[in-house]
2 protein chains.
Amino acid sequence: MTTASTGGPRWLTDEEQGVWQAYLHATTLMEDHLDRQLQRDAGMPHTYYGLLVQLSRAPGRQKRMTELAKDAKITRSRLSHAVARLEKNGWVRREDCPSDKRGQNAVLTDEGQDMLTRSAPGHVEAVRQAIFARLSPQQVKSLGEIMQVIAGGLQPEDTDADLPWLR
Amino acid sequence: MTTASTGGPRWLTDEEQGVWQAYLHATTLMEDHLDRQLQRDAGMPHTYYGLLVQLSRAPGRQKRMTELAKDAKITRSRLSHAVARLEKNGWVRREDCPSDKRGQNAVLTDEGQDMLTRSAPGHVEAVRQAIFARLSPQQVKSLGEIMQVIAGGLQPEDTDADLPWLR
DNA sequence: GACCTTTTCTTGAAAGTTGAACTAGATAGA
DNA sequence: TCTATCTAGTTCAACTTTCAAGAAAAGGTC
């Protein structure tokens, strides 16, 4: 199947195909697994949980919407809907930003923090079981480096990756 | 941050946390990237594209619904909706299964095959650019092994992973 | 200040996903 | 056969995500 360099479209080598398949299978199974785990134990999808985690780590347990969206790698629109839902659950609250009247801060409530405290151990355990318990230290290190490279290549990277001609 | 073994919940080490972050960033960016690429160039999300690929590789370009769902790692419900949509596009057609009157075969149409032929090069290129062009041969090999391990741990594995007490 | 552009965030509709309920056909046991 | 159970696939309602559109404030520039 490996196409020689005939000028036609370059396909993946057999090895690359296999790796790509494995990547797709592993990542979809993983996402499904965590979504179910969190839906069951915390009543929300993985994305939403990630938002709460981000907030819990931020100073004052709050963040501007745009910054939160960027950190969580989701669109602002998606974040608006998500925060609306989390607000209905009482886990997040919106506050006007004092310095910018357009701005909104998403604030993690005490209930939100509690829920996080309750569900974190189970979630961490799920991640460990699925990944770290199965990989050698060498592989863990490798996985980190590889994911860093991939993410780096896809990151907007503050308008410079797209403009290499500007030095 | 690394919690000693005090009997409380075991957290991730700092290194593991970093790796997990990198994993999440890379995989969400990747999925977004491919979804956009395919939505733009092929008019469908990545999952749907994957279904067409599966069918194109199957003998007779067709597959039973349940088998297709299993291979693509999605629920039967999701597949029903997806096939309905792909059918409306003219890329897939349903046929009754001759041997089992409950069964349906999803069949890739000629239009579907054409669309696949047209969009495959661009898609492959996107995958290569994002992953294989950036990793060393060593890393590619490593990534494959790692993903295999992770997928293996999450796979239903034909009712045996869930029933270890049956040997 | 008046004007134009950009940034921040929200909204609404359409598309996709989920989980539970449901129909119809297959299977197995008495 | 009669019955109970299981499997294949679909459907419905609730929920999430996307995309395009829009309101409001901020930041130039003249």
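Out of the residues in segment A:106-124 that are within 16 Å of DNA strand D (Cβ to nearest atom) and either free of Cβ contacts under 8 Å to residues at least 12 places away in the same chain or more than 14 Å from every other protein chain (Cβ to nearest Cβ) (or both), state the one that is surrounded by the fewest Cβ atoms within 10 Å (Cβ to Cβ). Looking at the filtered set, the residue picked out is A:Met115.
On the basis of being within 30 Å of A:Trp11 (Cα to Cα) and either within 16 Å of DNA strand D (Cβ to nearest atom) or out of contact with any Lys or Arg (no Cβ under 6 Å at 6 or more places or on another chain) (or both), does B:Gly103 make the cut? Taking the combined requirement at face value, the residue does not satisfy it. If the condition is being small (Gly, Ala, Ser), under 23 Å from B:Pro121 (Cα atoms) and within 14 Å of chain A (Cβ to nearest Cβ), then segment B:47-71 contributes B:Gly50, B:Ser56. Answer with yes or no whether B:Gln148 is outside any loop (DSSP other than H, G, I, E, B), at pLDDT 95 or above, facing chain A (nearest Cβ under 10 Å) and surrounded by fewer than 15 Cβ atoms within 10 Å (Cβ to Cβ). No. Here A:His46 clears all of (1) free of Cβ contacts under 8 Å to residues at least 24 places away in the same chain; (2) surrounded by fewer than 18 Cβ atoms within 10 Å (Cβ to Cβ) except the condition numbered (2). Against the numbered list (1) more than 15 Å from DNA strand C (Cβ to nearest atom); (2) in a loop (DSSP other than H, G, I, E, B), B:Val107 comes up short only at (2). Is it true that some residue in segment A:20-37 is modelled with pLDDT of 95 or more, away from chain B (no Cβ under 12 Å) and more than 30 Å from B:Val124 (Cβ to Cβ)? Scanning segment A:20-37 turns up no residue that is modelled with pLDDT of 95 or more, away from chain B (no Cβ under 12 Å) and more than 30 Å from B:Val124 (Cβ to Cβ). Counting only residues that are within 7 Å of another protein chain (Cβ to nearest Cβ) and part of a helix (DSSP H, G or I), segment B:129-144 holds 8 of them. Applying the condition of being touching a Leu at 6+ places or on another chain (Cβ under 9 Å) and within 13 Å of chain A (Cβ to nearest Cβ) to segment B:72-81 and asking which residue is farthest from DNA strand D (Cβ to nearest atom) yields B:Lys73.
If you take the residues in segment B:52-66 that are out of contact with any helix residue (DSSP H, G or I) (no Cβ under 9 Å at 6 or more places or on another chain) and within 14 Å of B:Gly112 (Cα to Cα), which one is surrounded by the fewest Cβ atoms within 10 Å (Cβ to Cβ)? For segment B:52-66, the residue satisfying everything is B:Gly60. It is to be established whether one or more residues within segment B:55-69 are of a type in the set (S, T, N, Q), under 24 Å from A:Ala22 (Cβ atoms), more than 12 Å from DNA strand D (Cβ to nearest atom) and in contact with a strand residue (DSSP E or B) (Cβ under 7 Å, 6 or more places away or on another chain). Checking segment B:55-69: at least one residue is of a type in the set (S, T, N, Q), under 24 Å from A:Ala22 (Cβ atoms), more than 12 Å from DNA strand D (Cβ to nearest atom) and in contact with a strand residue (DSSP E or B) (Cβ under 7 Å, 6 or more places away or on another chain). I'd like to check something: does segment A:31-54 contain any residue that is of a type in the set (D, E, K, R) and closer than 30 Å to B:Pro137 by Cβ? Checking segment A:31-54: at least one residue is of a type in the set (D, E, K, R) and closer than 30 Å to B:Pro137 by Cβ.
So, B:Gly60, is that one free of Cβ contacts under 8 Å to residues at least 60 places away in the same chain and either touching a Lys or Arg at 6+ places or on another chain (Cβ under 7 Å) or more than 30 Å from A:Ala151 (Cβ to Cβ) (or both) or not? Spelling it out, B:Gly60 is indeed free of Cβ contacts under 8 Å to residues at least 60 places away in the same chain and either touching a Lys or Arg at 6+ places or on another chain (Cβ under 7 Å) or more than 30 Å from A:Ala151 (Cβ to Cβ) (or both).
The values are calculated or read from the model by the stated rules, or taken from the named source; none is laboratory data. Every value quoted in this text rests on a predicted model; they were computed, and no experiment measured them. Every residue, glycine as well, gets a Cβ built from its backbone with ideal geometry; the counts of neighbours run over all protein chains shown.
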